[in-house]
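Quick notes on the structure that follows.
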Amino acid sequence: MHSPRLHNDDVITAIRSGQMRAVEDLYTQYRADFFRWGRRRFDANKQDLEDAWQDAVIAFYTQVMSGKLNSLRYEARVWLFSVGYKRLLNHRRKIKRVLWKDEIDEALRHGAYWLDFQENQGQLEKKENLHKAMKTMSGQCREMLMQRYFMEKSIEEIQQEWELNSANTTSATLSRCLKRLKDLIKTVQTAVIS
Amino acid sequence: MEEQDDKLIERFYLNDLSEAELAAFHRRMAEDEAFWEAVQLHVDAMEAIRLEGIAMLRKRLTDKGRELDTDMHLPANSWLWWTLGLAAIVIGAWALWNWMRPETPSPPVPMIENGDFAPSLGPDTLPAQTPLIKQTEPVKKTPNHQQVFAAWFKPYKDPSLEPSRRGGATQSPSERFQQLYWDGEYRAALAAFDSLGVSAKNNDNLVFLKANCLLTIGNANAAEALLNNLRDNNRSRFGNQVDWYLALSHLQASHVKEAEALLLRIAADKGSARRSDATRLLRELN
């Protein structure tokens with residue numbers, strides 16, 4: 001049931017090459033450990049810990065994919081715990097103890113992995129509008145755009161997955177989908193203004 | 001013109017512009033308002049895709065978390081179940097044997113100084129056959145839910161699922177999964193499902209087949225979680241079968257009340273393909 005432990009570089013390489021399984025493995029590998037660790041420090045329930053842990057894993061994925069995270073000073077576990085810790089702090093959970101001192105504190109003291117999870121009202125509204133626009137798209141367009149621009153799959157990979165005739169057809173379909181998305185965003189934004 | 005601009009903006013976003021192109025790009029952004037707006041729109045579109053991607057990833061992790069929590073409630077090794085079951089049988093048999101064996105005369109009981117109220121502990125106070133008489137009383141037979149499940153569960157198949165064999169052509173991962181499913185190789189199908197791409201893993205039709213595989217190998221809790229999701233999504237082309245299989249997964253997981261409630265609903269639904277099955281199964285359960 002347990003996945004083999006991935007080394008730092010392996011996990012980054014695996015994620016870059018589009019292996020979503022690597023993200024799941026990372027999530028599985030340290031989840032129970034994070035829950036235990038989080039419970040000792042925070043007055044948090046299981047859902048808070050789950051949210052924080054998911055945010056940490058997602059942040060890891062997006063940082064790797066955006067090229068901001070190319071190598072790790074500490075092991076992946078420390079990175080994830082530090083980000084999860086910050087996420088729990090942001091939710092203003094009461095800290096049970098501040099006397100704990102371990103490698104996570106050390107990493108945080110050095111200013112590593114200090115991501116910002118705060119969002120203001122304007123950002124939330126904008127997010128909501130973008131979500132609305134995305135939801136209006138057809139399922140295929142939505143999936144294809146995510147594969148291209150979120151998972152950064154190549155045109156050839158997308159062509160293969162969707163069994164399209166050629167790379168040109170795939171590119172044209174993607175362009176059409178992106179244009180449609182932009183039109184929808186414009187419509188939603190205009191509706192909000194008027 | 002617009003198409004060219006879109007390509008230019010996309011290249012900018014991918015950090016694919018040369019220094020000269022980049023300088024020209026920034027100049028145009030400062031001077032041309034329509035171009036600036038087009039860049040902003042592209043940024044918004046990328047943000048929309050990123051947010052959707054994150055939501056998809058979160059859903060995937062939530063499903064994984066549920067799966068992990070379900071596994072945690074089961075003992076890690078099936079031998080533990082066997083040992084516990086065997087121990088329960090041995091203890092039960094020993095207790096029954098003790099209870100039913102003919103009473104042997106007890107050694108004389110020393111009289112306790114208790115006046116006239118000393119209870120008689122002799123063996124004659126109870127009729128020897130009482131336990132046997134009790135045993136012959138009619139007892140309402142409760143159905144064994146696992147047996148009922150086994151009698152009713154068949155992995156879903158219809159002609160549309162039969163894979164078209166394309167000569168020597170290589171199968172795509174999702175075709176391989178469906179082929180294994182069709183061939184009844186359920187464990188191998190589950191392994192094949194794990195290696196599918198993200199969109200295929202989120203394909204509710206394939207997830208429905210995965211749930212069937214899980215039921216076949218006895219992982220009812222995981223199947224329940226998947227079928228519950230399918231029910232909420234309501235996107236699978238097997239939608240009219242989801243409730244039936246969810247009821248069966250409740251039964252396999254010994255969640256009999258949930259199974260009965262769902263079966264009642266199916267039995268009451270005139271349009272349900274499983275209406276008569278649900279009625280008959282309900283009768284068997286009661």
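Throughout, read-outs are computed from the coordinates displayed, never taken from laboratory work. This structure is a prediction, so every number in the text was calculated from the model and none was measured. Neighbour counts are summed over all protein chains in view; Cβ atoms, including those assigned to glycine, are modelled from backbone coordinates with ideal geometry.
With a 10 Å cut-off around each Cβ of B:60-67, the average count of Cβ atoms from other chains is 5.
Whole-percent P(r), segment B:2-51, all Cα pairs, 5 Å bins from 0: 5, 20, 30, 27, 12, 4, 0.
Near A:F42, the amide H atoms lying under 5 Å from its own belong to A:K96; only residues 5 or more places off or on other chains count, and H is placed 1.01 Å from N. Taking a Cβ cut-off of under 11 Å around B:N205, the surrounding Lys, Arg, Asp and Glu residues balance to a net charge of +2, with basic ones at +1 and acidic ones at -1.
When only the Cβ of Lys, Arg, Asp and Glu is charged (+1, +1, -1, -1), the dipole of segment B:153-285 relative to its Cα centre reaches about 220 debye.
With θ taken as phi - 60° and the Karplus curve 6.51 cos²θ - 1.76 cosθ + 1.60 applied, the whole-hertz 3J(HN,Hα) list for segment A:151-165 is 8, 6, 6, 6, 4, 5, 4, 5, 4, 5, 5, 9, 6, 8, 5 Hz, x standing for glycine and proline.
For the listed residue pairs A:K179/B:K157; B:K59/B:K257; A:K182/B:K210; B:K64/B:K154, the alpha carbons are over 32 angstrom apart in A:K179/B:K157; A:K182/B:K210. Evaluated at q = 0.20 Å⁻¹, a Debye calculation over the C-alpha positions of segment A:113-193 (equal weights, vacuum) places log10 I(q)/I(0) at -0.89. Inter-chain Cβ neighbour count for B:34-44, averaged per residue, equals 2 (cutoff 10 Å, partner chain atoms only).
Binning all Cα-Cα separations of segment A:8-91 at 10 Å, short to long from zero, yields these whole-percent fractions: 18, 53, 24, 4. Residue by residue along B:193-204, Cβ atoms of other protein chains within 10 Å of the local Cβ number 4 on average.
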